[in-house]
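Asker: The following block contains the structure, expressed as structure tokens.
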Amino acid sequence: MSDGLHAFVSGMITAGYLVASLFFLKFWKRSREQLFLLLAPAFILLAINQAALTLAEIPREEEKSWLYLIRLAAFSLIAGAIIRKNLQRRSRK
């Protein structure tokens, strides 16, 4: 894939993550559901990760492994939000 096309696609993915984050904030504002409040920053972290991977222009995969810690934090937030929601549901029964 050419560099210009790669940057364009990466920008679209970053924008998609940011839009998803805004939707989760909107849903949280309506419902005050903690799940949505935790998913919004997770998608912001994913957007930051995607943008950083593109803008850093690090040629070797080994040198950009530290950037994947941002992705790990985002997925940890998502997993934590889902686990928390499931535990709340069980405690209500």
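The values are calculated or read from the model by the stated rules, or taken from the named source; none is laboratory data. In this text the structure is predicted, and so the values were computed from the model without any measurement. Cβ coordinates were reconstructed from backbone atoms using ideal geometry, including for glycine residues, and neighbour counts include every protein chain displayed.
Asker: Which one of the conditions (1) within 30 Å of Asn86 (Cβ to Cβ); (2) buried (at least 17 other Cβ atoms within 10 Å of the Cβ); (3) at pLDDT below 95 does Tyr68 fail to meet, given that it meets all the rest?
Answerer: In the conditions (1) within 30 Å of Asn86 (Cβ to Cβ); (2) buried (at least 17 other Cβ atoms within 10 Å of the Cβ); (3) at pLDDT below 95, Tyr68 misses (2) alone.
Asker: So is Leu53 at pLDDT 95 or above and not polar (S, T, N, Q) or not?
Answerer: Values: at pLDDT 95 or above: no; not polar (S, T, N, Q): yes.
No: the conditions fail for Leu53.
Asker: Condition first: closer than 30 Å to Leu87 by Cβ, touching a Lys or Arg at 6+ places or on another chain (Cβ under 9 Å) and of a type in the set (A, V, I, L, M). Can you find one or more residues in segment 45-56 that meet it?
Answerer: At the first step, the residues of segment 45-56 found to be closer than 30 Å to Leu87 by Cβ are 45-49.
Next cut, touching a Lys or Arg at 6+ places or on another chain (Cβ under 9 Å) only: 45-46, 49.
Keeping just the survivors that are of a type in the set (A, V, I, L, M) gives 45-46.
The answer is yes, given that some residue of segment 45-56 is closer than 30 Å to Leu87 by Cβ, touching a Lys or Arg at 6+ places or on another chain (Cβ under 9 Å) and of a type in the set (A, V, I, L, M).
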